[in-house]
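First comes the structure, then the notes that go with it.
The values are calculated or read from the model by the stated rules, or taken from the named source; none is laboratory data. The shown structure was predicted, so the numbers you read here are calculated from the model rather than taken from an experiment. A quick note on method: Cβ atoms are made from the backbone with ideal geometry, for glycine too, and the neighbour counts reach across all protein chains shown. For accessibility, only protein heavy atoms count, side chains too; no ligands or nucleic acids. Shrake-Rupley method; radii C 1.70, N 1.55, O 1.52, S 1.80 Å.
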Amino acid sequence: LRLGFGSAAILMALAIIQLVVLWFDFEILSRSDRIIALYGLGLGMLGIGLLLTLGLLAATWTRWQGRVAGFFESIGAIFTRLGWFNMVLFAAGIGGYAYLMIGLPQRYLGGTGLRWIGYLALVLIGTWLIKAWQGQMTAAQSVTAALLVSAAGYRLAMLIPELTSYPFSLGWSEGSRYFYASLTFSERLYGFQIPPSVLHPSRYLMQSVPFLIPDSPIWMHRLWQVLLWLATTLGTAFLILRRLNVGQRFRSAMFIIWISLFMLLAPVYYHLLVCAILVIWGYDRQKPWRTLVIVLLASVWAGISRINWYPVPGSLAAILYFVEQPVLNNSSRMKSSLKYLIFPLIWTFTGTITAFATQSLYVLWSGNPVDQFSSSFTSDLLWYRLLPNATYPLGILTGSLLVFTPMLLVILFRLRPIWRLIHPLRKLGTAVILLVFFAGGLVVSVKIGGGSNLHNMDAFLILFLVVLSYAYFDRIAVRVNQEPEQYDQKSYASIYQVLMGISICIPVILTINMQAGYSLPGEKIVKESIDTIQAAINQAKSSNGEVLFISERQLLMFDAVTGIEMVPDYEKVFLMEMAMANNPNYLNTFYDELRSHRFALIISEPLKLNRQDSSYSFGEENNA
C-alpha cells in the first residue's frame, strides 16, 4: 500500500508541476474559456487526488493502518470478482491515455513530462488490474504485462489518425506511395501504360490491391496499409513462436507483443517481412531440398524489394539450421564440417544469386532506363550519421548498440549452460551472418536519404530476433547425449533479470516517446485549397500546356481535381532519388524540359533555396 500510495503521490505531484509550467508556457489565460476550464479542472482533480493520497499514505503509519488496509483489500476483492472485465477497464485506460497523447488535447499537454507521468500511472493501474484478473501471476509478470500491453495499445492507437479521407499527403512521401502503387493498373486508371516503379516494386505491388476496387477512396488505401503493417508484423512474430512450440500462453503473448514492438520501431517494412514469413513458415531441416525451393521463392521476392535483402532468405534459413541442427560426429573432422555446412552454403548462395537474377530480369521487363536502378551505388555515404547527429539524435551505430547490446547479453546468459555443447561451426556461422548484416545495415543507413532511424538495420534485426527467441526459450538444439554444464545460477540471476528488464523496457520507452497524430486543417481550408489548385489547372489548360504534379499526385488519382492527364515523369520521391544519386541523364532531361517550357503549370510543395550543413536535420538532402 505504501509503495502504491507513494508512487501515485509522486506522479500526481509531477503532473501538477508540469501543468503549471505549461499554463505559463502556453499562456492559457489568453486561450478559450474551454481550454482554461479543462486546465483548471485537471489541476483541481490532481490537487484533490494528491491530498487524499498523502492522507492515506500517512494513515498507514497510524492506528488507522488496519482499516485502510482492510478497505483496499475489500476493493481488491471486488475487482478480483470482475474477472476479465478488468481488462476492459485497462483497455479503456489505454484508450484514454492515447486520446490525450494523440488526439486534440496533445497540443496543450506539452512534451515528454506529462506523457511519461501519464504512462507510468497507466502502468501502475494496469499492474493492479492484471493482478486482480490473474491472481496467480507474480508481481514481475503483472508489471511486464502492464508495460507491454499499454505500449502495444498506444502503438495501435497511433495508427488510427491515418484512417482519414483527408485528400492531401499526411507525410512527406505518403501521396507518392499511392502513385507508384497505382502503376500496376496504369492503363485502366490513366488510359496509357506507365512503367512500374524502379524503387521497391514489391511494396507497391502489395499496396496496389485496393485499386482492384473501382473508385476506391483514399481512406481505403490508408486502411489497407495499416492492415499490411499489422498482419506482416504479427504474422512474423507468431510464426517464430510457432517454431519454438512454447505452450505457455502468458510468455507467448508477451513475446509476440515484445518483438512486434521492435519490428514496428525500426520499422521493418511489410514488403520485406514477406521474405521472412516465407522462410520461417517453410523451413524444414529434415527436408533441405524443400527448404531450398522456399528460399528461392523468397529470394525472387527479395530481388524486387531491396538490395540489402537479397541474401536474407538464404541467410535466415542458415540461421534456423544453426540453431536447430547439432553437428554429428564423423571420422573425418573436415568431412564432417563440409557435410554440415553444405546446405546452409547452398541456400545462401543460390538464394542471393536468384535475387540478383530476378532484379536483372525486372530491369529488362519494366522498360525503365538501366541507369535509374543504380542509385544505391552512386549516392553519397554520410559516415558522421553513425554517431549522434541532427538527423538521428541517437546515431545509427550508437543507437543500434543501445538497442541490441542488452539483448545480446541475454542471449549469452541463456546459452551459458550449453555454450561448450554448441559446436564452434554453429557459433561461428551464426556470428558471421549477424556481423555481416550488422555491418551492411550500418553502410546502407548512412546513404544520403536515410539515417533518421534504424529501419535499414531491418535485415539484421530479423535474424537477431530469431537467435534471441531460440536462446530465450531454450530451444538451441544440442545432441541428446550431451548434458548442460552446471553452474551457480543464483549468482547471475540478478544480472540476468536486470538485462531482461532493460530489454523489455527499450521498445516500450522508444514507443511511448514517439509523436503521433496530425494537425489537419478544417474542411473549409481544404476545400479552398482544392479550389485554388483546380482554378490554376483550368487556367493552364487554356494555354494547351501540360500540368505536372511533382507532389500530391493522389489529388488526381482520387479525383480531388479533374480535367488533366497524369504526367508520369518527375514525381517528387524519384526526382529526389535521382538528385541524391546525381544521375545526369535523368536530371539533364528534366532541366531541358524546364527550359523549353513543356509545362504550363507545375504543382509542388513550397521550395526554398537555402543551403544547410550537417547541423540541420537532413541538411545534405536539402542541398541535393
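Going through the range 1-19 one residue at a time, which ones are aliphatic (A, V, I, L, M) and either over 16 Å from Gly49 (Cα atoms) or open to solvent by 60 Å² or more (accessible area, probe 1.4 Å) (or both)?
Leu1, Leu3, Ile10, Leu14, Ile17, listed by residue number.
Considering the range 368-404 alone, what residues qualify as being more than 12 Å from Met578 (Cα to Cα), part of a helix (DSSP H, G or I) and of a type in the set (S, T, N, Q)?
Within the range 368-404, Thr398, Ser400 meet the criteria.
Which residues, counting only those in the range 110-130, are surrounded by fewer than 18 Cβ atoms within 10 Å (Cβ to Cβ) and modelled with pLDDT under 80?
Gly110, Gly111, Thr112, Gly113
Considering each residue of the range 536-593, count those that are of a type in the set (Ser, Thr, Tyr) and in contact with a Gly (Cβ under 9 Å, 6 or more places away or on another chain), and give that number. Explain how you work it out, then say what you get.
So in the range 536-593, the residues of a type in the set (Ser, Thr, Tyr) come out as 542-543, 551, 562, 570, 586, 589, 591.
Keeping just the survivors that are in contact with a Gly (Cβ under 9 Å, 6 or more places away or on another chain) gives 551.
Number satisfying all stated conditions: 1.
Looking at the range 164-182 only, could you name the residues that are crowded, with 17+ Cβ neighbours inside 10 Å and at pLDDT below 90?
none
Considering only the range 451-479, state which residues are surrounded by fewer than 19 Cβ atoms within 10 Å (Cβ to Cβ) and either farther than 21 Å from Ala237 by Cβ or in contact with a strand residue (DSSP E or B) (Cβ under 6 Å, 6 or more places away or on another chain) (or both).
Ser452, Ala477, Val478, Arg479
If Leu104 satisfies all but one of (1) out of contact with any helix residue (DSSP H, G or I) (no Cβ under 8 Å at 6 or more places or on another chain); (2) at pLDDT 90 or above, what's the number of the condition it fails?
Of (1) out of contact with any helix residue (DSSP H, G or I) (no Cβ under 8 Å at 6 or more places or on another chain); (2) at pLDDT 90 or above, only one is false for Leu104: (2).
Looking only at residues that are touching a Leu at 6+ places or on another chain (Cβ under 7 Å) and among the small types (Gly, Ala, Ser) in the range 276-312, which one is surrounded by the most Cβ atoms within 10 Å (Cβ to Cβ)?
This residue is Ala298.
From the list Asp559, Asp569, which residue is open to solvent by 30 Å² or more (accessible area, probe 1.4 Å) and either in contact with a Leu (Cβ under 9 Å, 6 or more places away or on another chain) or more than 27 Å from Thr164 (Cα to Cα) (or both)? Lay out the reasoning, then the answer.
Details: Asp559 fails: either in contact with a Leu (Cβ under 9 Å, 6 or more places away or on another chain) or more than 27 Å from Thr164 (Cα to Cα) (or both).
Only one candidate qualifies: Asp569.
Determine, yes or no, whether Ser614 is among the hydroxyl-bearing types (Ser, Thr, Tyr), under 26 Å from the mean Cα position of the chain (by Cα) and closer than 30 Å to Arg155 by Cα.
no
Just for helices (runs of 4 or more DSSP H) wholly inside the range 181-263: which have at least 1 residues that are under 17 Å from Ser305 (Cα atoms)?
Once the helices (runs of 4 or more DSSP H) in the range 181-263 are filtered for at least 1 residues that are under 17 Å from Ser305 (Cα atoms), what remains is 201-207, 218-244.
Would you mind finding the one in Glu523, Glu528 that is modelled with pLDDT of 95 or more, open to solvent by 80 Å² or more (accessible area, probe 1.4 Å) and charged (D, E, K, R)?
The match here is Glu528.
Step by step: first the residues of the range 531-554, then only those that are exposed (fewer than 12 other Cβ atoms within 10 Å of the Cβ) and of a type in the set (Gly, Ala, Ser), then the one that is nearest to the chain's Cα centre (by Cα). Which residue is that?
Filtering first and then ranking leaves Ala535.
Results for (1) in a helix (DSSP H, G or I); (2) closer than 20 Å to Leu114 by Cβ; (3) modelled with pLDDT under 80, shown as yes or no for each residue.
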| position | (1), (2), (3) |
| --- | --- |
| Ile36 | yes, yes, yes |
| Gly40 | yes, yes, no |
| Gly47 | yes, yes, no |
| Thr62 | no, no, no |
| Gly70 | yes, no, no |
| Gly76 | yes, no, yes |
| Asn86 | yes, no, no |
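For the range 355-407, which positions are more than 24 Å from Phe618 (Cβ to Cβ) and hydroxyl-bearing (Ser, Thr, Tyr)?
Once the filter is applied, which keeps residues that are more than 24 Å from Phe618 (Cβ to Cβ) and hydroxyl-bearing (Ser, Thr, Tyr), the range 355-407 yields Thr358, Ser360, Tyr362, Ser366, Thr405.
Looking only at the range 3-23, count every residue that is aliphatic (A, V, I, L, M) and touching a Ser or Thr at 6+ places or on another chain (Cβ under 9 Å) and tell me the total.
Going through the range 3-23 one residue at a time, the tally reaches 3.
For the range 379-397, give me each residue that is surrounded by fewer than 15 Cβ atoms within 10 Å (Cβ to Cβ) and closer than 27 Å to Ile495 by Cα.
None - no residue of the range 379-397 is surrounded by fewer than 15 Cβ atoms within 10 Å (Cβ to Cβ) and closer than 27 Å to Ile495 by Cα, so the list stays empty.
Take the residues of the range 183-197 that are farther than 14 Å from Tyr570 by Cα and among the aliphatic types (A, V, I, L, M): which is most open to solvent (accessible area, probe 1.4 Å)?
By that ranking, first place goes to Leu189.
Any idea which residue in the range 335-350 is surrounded by the most Cβ atoms within 10 Å (Cβ to Cβ), counting only those that are closer than 20 Å to Val300 by Cβ and β-branched (Val, Ile, Thr)?
Thr348
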